[in-house]
1. Among the residues of segment 87-96, count how many are modelled with pLDDT under 75 and touching a helix residue (DSSP H, G or I) at 6+ places or on another chain (Cβ under 9 Å).
2. Tell me which residues, restricted to segment 15-33, are in contact with a helix residue (DSSP H, G or I) (Cβ under 6 Å, 6 or more places away or on another chain), part of a helix (DSSP H, G or I) and free of Cβ contacts under 8 Å to residues at least 60 places away in the same chain.
3. Would you mind telling me which numbered condition in (1) touching a Ser or Thr at 6+ places or on another chain (Cβ under 6 Å); (2) modelled with pLDDT under 85 H42 fails?
4. May I ask you to verify whether F94 is of a type in the set (A, V, I, L, M, F, W, C) and surrounded by fewer than 17 Cβ atoms within 10 Å (Cβ to Cβ)?
5. For segment 34-45, enumerate the residues that are more than 20 Å from F173 (Cβ to Cβ) and assigned to a helix (DSSP H, G or I).
6. Any residue that is in a helix (DSSP H, G or I), surrounded by fewer than 17 Cβ atoms within 10 Å (Cβ to Cβ) and acidic (D, E) - is there at least one of those in segment 70-87?
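The values are calculated or read from the model by the stated rules, or taken from the named source; none is laboratory data. Keep in mind that what you see is a predicted model, and the values were worked out from it rather than measured. Here the Cβ positions follow ideal geometry from the backbone for every residue, glycine too, while neighbour counts run over all protein chains shown.
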Amino acid sequence: MTVLESFVSQHQYLSYLIIFLGMFVEADLFFLTATIFADQGHLNWGVLIGVGFVGAILGDMLWYYIGRYSRETRLGAWILRRFRRYDKWLDANFMTRYAKLVFFAKFIYYINRLFPFLAGWHEMEPRRFYKIHFLAGTSWLATMIVIGFGLDGLVNLVGPKWILERIWILVIFIFIVFILGDHLLKKFFLAKKLEK
């Protein structure tokens, strides 16, 4: 049993807390890594899904309110001075397409926290924000569960012991895949969407 596997099996509640807090930072990486431990029976799938969903939604809400209430602060004044020329463009192109774009942003590492911040910054109505992010969060979670079961297949193919002994390689691999995916989505798909 590896050190990480031993920690997760002996400290389940703390593991769920770490996963929950991870949803505020990099949800994909934390959730997919946790699915490996759920597959091995160290974590409960139902609790993991609940923790992932609540953490992702609360993370979006946190960034929304940071954006909403930072506009009148010193940080907000600095952002306005530095990026004022983009403000009208964001209103015309970004905010009008927000509901469509946010579904893709959930899977793009660098902007999945920027979108809720900008929604708050541009004072999107909270009810509309909650509705959009509830649907986007559900879509994200469903996709992560499918990918998680794909990882489950990989674990069963090569063996759990082999994977768990090399979990750090898998974490780095998942991180690289999402960084490359982010780059490709931003370069090809998202750029075309914004041009339209």
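1. So the answer is 3.
2. Result: S15, Y16, I19, F20, G22, F30.
3. Among (1) touching a Ser or Thr at 6+ places or on another chain (Cβ under 6 Å); (2) modelled with pLDDT under 85, H42 violates only (2).
4. Details: of a type in the set (A, V, I, L, M, F, W, C): yes; surrounded by fewer than 17 Cβ atoms within 10 Å (Cβ to Cβ): yes.
Yes, satisfied.
5. Step one: list which residues in segment 34-45 are more than 20 Å from F173 (Cβ to Cβ), which gives 41-45.
Across segment 34-45, the qualifying residue is only W45.
6. yes
Here is a yes/no grid of residues against (1) modelled with pLDDT of 85 or more; (2) outside any helix (DSSP H, G or I); (3) within 18 Å of the chain's Cα centre (by Cα):
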position	(1), (2), (3)
F117	yes, no, yes
H133	yes, no, yes
T138	yes, no, yes
M144	yes, no, yes
G153	no, no, no
I172	no, no, yes
I179	no, no, yes
